[in-house]
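Student: Next up is a structure, given as structure tokens.
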Ligand SMILES: Nc1ncnc2c1ncn2[C@@H]1O[C@H](COP(=O)(O)OP(=O)(O)OP(=O)(O)O)[C@@H](O)[C@H]1O
Ligand code: SF4
Ligand SMILES: [Mg+2]
């Protein structure tokens, strides 16, 4: 399958008064046509910064995409794109649904005008054509009574509808890649499922590649083709959906999976919650970034960062437990069933 995006050794820092915040510390991945990649990890691990760096949406300075970082879209170097090219890249090749639809939509403009804006700029439609296309896009994302709805302001719509509007804006120019940053976090479970189904349906229709950003592994169970688990600005484990759900090996992935509610959990069992907090990204990291919270931490983990171990073409992780001399550690009991979903 054709690779549409290749990210190599991406490093992103923020220069602040307190010092350099190394938010993304050398991550690699690729994305193929029609594929869905999930970026998963706790708050602050660098998911949004990674997504925004790919779109070159971070203000540079104070942000710095470090030398040696590579972002290649369809053979083209995104870091070297001119301002003009970036503007068409963002509208036509790649687009993003942001974490909070209420703050991303303009409260003073009708949703019709907001959808039409991008159609007029990027697709060069006239007002009448853009209006017709806006109605079609609203129908595509299952907004009832679309002709009337385009006259509404964002505050007149429910959270689920606002998220559908964001999707319709993001898809208005048929992008090759859609980045969905926590697209369902603010929504209740039923609406979450509807939004994910809608994204899947649109992806199949248009062969869009999707990067789904989320802190919740439960959300990606039926959605992602491959999963990348991030911690403190690094990828600690990556694999196909099945490799992560059946056979994950990193203690942090175990912790994330153990905190996903499961249908077979006995009702009185408390859901696992990982204690402690991630490291401060302004301080130098020594050893494994997860060491202060890992119950399998060994002496070496405090001294040296673990090397990457490849378990298959698609499955890899960075953890000293993979070293041949490391003690054998069983994965948590809750994850020893048939499937960890
Ligand atoms: N403008 C900024 N200046 C300084 N540090 C920043 C800035 N933006 C983000 N960071 C830091 O970069 C790190 C990664 O942030 P990011 O927004 O990517 O996290 P995230 O994984 O998306 O978390 P969440 O799940 O809460 O959205 C965090 O430690 C954050 O504090
Ligand atoms: S390298 Fe050590 S501290 Fe890090 S996850 Fe593995 S066992 Fe835990
Ligand atoms: Mg985020």
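The values are calculated or read from the model by the stated rules, or taken from the named source; none is laboratory data. All figures in this text were calculated on a predicted structure; none of them were measured in a lab. Here the Cβ positions follow ideal geometry from the backbone for every residue, glycine too, while neighbour counts run over all protein chains shown.
Student: On the given criteria, is residue 92 more than 16 Å from ligand 2 (Cβ to nearest atom), more than 17 Å from the chain's Cα centre (by Cα) and part of a strand (DSSP E or B)?
Tutor: Working: more than 16 Å from ligand 2 (Cβ to nearest atom): yes; more than 17 Å from the chain's Cα centre (by Cα): yes; part of a strand (DSSP E or B): no.
Judged against the criteria, residue 92 is not a match.
Student: In this structure, is residue 41 in contact with a strand residue (DSSP E or B) (Cβ under 9 Å, 6 or more places away or on another chain) and within 16 Å of ligand 3 (Cβ to nearest atom)? Give the derivation first.
Tutor: Working: in contact with a strand residue (DSSP E or B) (Cβ under 9 Å, 6 or more places away or on another chain): yes; within 16 Å of ligand 3 (Cβ to nearest atom): yes.
Here the answer is yes, as residue 41 does meet what is asked.
Student: Name every residue in the stretch 168-191 that is more than 17 Å from residue 93 (Cβ to Cβ), away from ligand 1 (no atom under 16 Å from the Cβ) and outside any loop (DSSP other than H, G, I, E, B), in order of residue number.
Tutor: In the first step, residues of the stretch 168-191 are kept if they are more than 17 Å from residue 93 (Cβ to Cβ); the result is 168, 181-191.
Next cut, away from ligand 1 (no atom under 16 Å from the Cβ) only: 168, 188-191.
Selection gives 168, 189, 190, 191.
Student: May I ask you to list pairs of residues, at least six apart or on different chains, whose Cβ atoms are under 7 Å apart, with the first in the stretch 36-56 being closer than 18 Å to residue 8 by Cβ and at pLDDT 95 or above and the second being assigned to a helix (DSSP H, G or I) and within 13 Å of ligand 3 (Cβ to nearest atom)?
Tutor: 39/47; 39/50
Student: Also: Please verify whether residue 161 is modelled with pLDDT of 85 or more, under 27 Å from residue 107 (Cβ atoms) and within 17 Å of the chain's Cα centre (by Cα), treating the condition exactly as stated.
Tutor: Details: modelled with pLDDT of 85 or more: yes; under 27 Å from residue 107 (Cβ atoms): yes; within 17 Å of the chain's Cα centre (by Cα): no.
Criteria not met by residue 161.
Student: Here's another thing I want to ask about it. In the stretch 1-11, what residues are within 19 Å of residue 234 (Cα to Cα) and free of Cβ contacts under 8 Å to residues at least 60 places away in the same chain?
Tutor: Going through the stretch 1-11, the residues within 19 Å of residue 234 (Cα to Cα) turn out to be 5-11.
Within the stretch 1-11, just 11 meets the criteria.
Conditions (1) within 16 Å of ligand 3 (Cβ to nearest atom); (2) farther than 18 Å from residue 7 by Cβ, marked per residue:
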site: 51; (1), (2): yes, no
site: 58; (1), (2): yes, no
site: 68; (1), (2): no, no
site: 75; (1), (2): no, no
site: 86; (1), (2): no, no
site: 91; (1), (2): no, yes
site: 100; (1), (2): yes, yes
site: 103; (1), (2): yes, yes
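Student: For the stretch 232-247, enumerate the residues that are under 18 Å from residue 297 (Cβ atoms) and surrounded by fewer than 24 Cβ atoms within 10 Å (Cβ to Cβ). Spell out the reasoning first.
Tutor: Our first condition is that a residue be under 18 Å from residue 297 (Cβ atoms); within the stretch 232-247, this holds for 232, 234, 236-237.
Scanning the stretch 232-247 gives 232, 234.
Student: Residues that are under 23 Å from the mean Cα position of the chain (by Cα) and within 16 Å of ligand 2 (Cβ to nearest atom): find the helices (runs of 4 or more DSSP H) completely inside the stretch 212-317 holding 1 or more of those. Walk me through how you get there before you give the answer.
Tutor: Working: elements: 217-220, 241-247, 251-258, 299-303.
Ranges flagged: 241-247, 251-258.
Student: Does the stretch 8-48 hold any residues that are more than 16 Å from ligand 2 (Cβ to nearest atom), within 15 Å of the chain's Cα centre (by Cα), surrounded by fewer than 21 Cβ atoms within 10 Å (Cβ to Cβ) and over 18 Å from residue 314 (Cα atoms), and which are they?
Tutor: 43, 44
Student: Given 167, 150, 195, which one is more than 16 Å from ligand 2 (Cβ to nearest atom), more than 29 Å from residue 216 (Cβ to Cβ) and buried (at least 19 other Cβ atoms within 10 Å of the Cβ)?
Tutor: Numbers: 167 fails: more than 29 Å from residue 216 (Cβ to Cβ); 195 fails: more than 29 Å from residue 216 (Cβ to Cβ).
After ruling out the rest, the residue left standing is 150.
Student: Among the residues of the stretch 1-13, write down those that are more than 14 Å from ligand 1 (Cβ to nearest atom) and touching a strand residue (DSSP E or B) at 6+ places or on another chain (Cβ under 6 Å).
Tutor: Step one: filter the stretch 1-13 for residues more than 14 Å from ligand 1 (Cβ to nearest atom), giving 1-9.
Those that are more than 14 Å from ligand 1 (Cβ to nearest atom) and touching a strand residue (DSSP E or B) at 6+ places or on another chain (Cβ under 6 Å): 1, 3, 4, 5, 6, 7, 8, 9.
Student: Looking only at the stretch 14-29, which residues are over 18 Å from residue 180 (Cβ atoms), in contact with a strand residue (DSSP E or B) (Cβ under 9 Å, 6 or more places away or on another chain) and more than 9 Å from ligand 1 (Cβ to nearest atom)? Spell out the reasoning first.
Tutor: Of all residues in the stretch 14-29, those over 18 Å from residue 180 (Cβ atoms) come to 14-28.
Add one more test, that the residue is in contact with a strand residue (DSSP E or B) (Cβ under 9 Å, 6 or more places away or on another chain), and what stays is 14-15, 20-28.
Once the filter is applied, which keeps residues that are over 18 Å from residue 180 (Cβ atoms), in contact with a strand residue (DSSP E or B) (Cβ under 9 Å, 6 or more places away or on another chain) and more than 9 Å from ligand 1 (Cβ to nearest atom), the stretch 14-29 yields 20, 25, 26, 27, 28.
Student: On to the next question. Provide a single number: the residues in the stretch 33-58 that are more than 8 Å from ligand 1 (Cβ to nearest atom), more than 16 Å from residue 214 (Cα to Cα) and not in a helix (DSSP H, G or I).
Tutor: The qualifying residues number 6.
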